[in-house]
1. Within the range 51-79, which residues are hydroxyl-bearing (Ser, Thr, Tyr) and touching a strand residue (DSSP E or B) at 6+ places or on another chain (Cβ under 6 Å)?
2. From the list 30, 54, 76, which residue is at pLDDT below 70 and among the charged types (D, E, K, R)?
3. Can you tell me which of 105, 160 is within 25 Å of residue 287 (Cβ to Cβ) and touching a residue at least 24 places away in the same chain (Cβ under 8 Å)?
4. Would you check if there is a residue in the range 82-90 being of a type in the set (Lys, Arg), modelled with pLDDT of 90 or more and within 26 Å of residue 220 (Cβ to Cβ)?
5. I need the full set of residues from the range 148-192 which are modelled with pLDDT of 90 or more and among the charged types (D, E, K, R), in order please.
6. Quick one: would you say residue 95 is touching a Cys at 6+ places or on another chain (Cβ under 8 Å) and at pLDDT 95 or above?
7. Given the criteria at pLDDT 90 or above and on the phi < 0 side of the Ramachandran plot, does residue 128 qualify?
8. Taking residue 129 as the residue in question, decide whether it is in contact (Cβ under 8 Å) with a residue 60 or more places away in the chain and buried (at least 19 other Cβ atoms within 10 Å of the Cβ).
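The values are calculated or read from the model by the stated rules, or taken from the named source; none is laboratory data. Quantities reported herein were computed from a predicted structural model and do not represent experimental measurements. Every residue, glycine as well, gets a Cβ built from its backbone with ideal geometry; the counts of neighbours run over all protein chains shown.
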Amino acid sequence: MAFHNPDAFWLFLLVPALAAAGALLGLLRRRDRRRFADQSLYEPLSPTVSRVRRIVGTACFFAGLAFLVIAMTEPRFGTKTEIVKRTGVDVVIALDTSFSMLAEDVKPNRIAQAKYEISRLIDNLRGDRVALVVFSGKSYVQCPLTTDYGAAKTLLEFVDAGIVPVPGTNIGRAIQESLDLITRGSEAGGESRVILLFTDGENLEGDPADAAKKAAGRGIRIFAMGIGTPDGDLIPIRDENGRLDGYKENRQGEKVKTSLNETTLEKIASLTGGVYLRERGGEVNVNSIIEQLGSMKKADLNERKISRLKERYQIPLGVSLFFFLTGATVGDRRREPNSAKKGGRS
């Protein structure tokens, strides 16, 4: 047995409190009665009052009150089995963690802004499964497909530029890793699966268009989110305390400037029938992404049997009503004998 609202047990303290109050009132009533008439005269003056009935009525009242408190604790026992189906969309988020994502043309920097947008997106998911892939020169799964949004956001917090030890940017490899993950871990059809790509679009290795065509062949769309500005910015190098140490340079000693490559991202989205969205005014239009996901076909992501305790508050509630009604019916008046009634009419 379990109780859904065990705090209600504190209400049992009302029973002795009300009993004490009733006893006090009884004492005051008897005191006033002695002032009104002598005890030897009181009985003939109130012949219809039954002490036994009054005791029974009081007992019924407190019994009803006790069972009412038990009903308020919401007792549960006995099990019932239910089949729970979860429907939604499988979403794989691929996040660029290359050093170009440290550029500060988007404040505080590109990767921090991307993480903020991903966190907002996860907060708006309802029943969908989400996974996280991080990439630079290589890619790996940071979080598998899950409906535990809290765990997904916790794993997202550990992501930062340089978390993937291989430098560079290989968007094609990130798309392939996302495809492998979503096809390996999902039984949903392509119309219920999507890849969300958060990157500045600068690709140094591989062929993202070829990977996008493979996604399209499986019916999986890619929504590309451009993080950064076309004008671009230098890539700062900061020490462990966040102080600026300089800017990233190429082999010729020239400072590297990184810009948002919208052409690549638009092509990826177009090849898969997806959508390209650019960060504007410091934010990506997350509502637009949510609307896109909402319009997609929902798949049965999983089905499971769960056993739950049955609610049994009706039993003590019924017993409580029985005692209250019995107490009200009994009353405190003694039934007059028939002979007395006849004598009264003659």
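1. 73, 79
2. Of the residues listed, the single one that is at pLDDT below 70 and among the charged types (D, E, K, R) is 30.
3. So the residue among 105, 160 that is within 25 Å of residue 287 (Cβ to Cβ) and touching a residue at least 24 places away in the same chain (Cβ under 8 Å) is 105.
4. No.
5. Across the range 148-192, the qualifying residues are 148, 153, 157, 160, 173, 177, 180.
6. no
7. Considered against the rule, which asks whether it is at pLDDT 90 or above and on the phi < 0 side of the Ramachandran plot, residue 128 comes out as no.
8. Against the criterion (in contact (Cβ under 8 Å) with a residue 60 or more places away in the chain and buried (at least 19 other Cβ atoms within 10 Å of the Cβ)), residue 129 qualifies.
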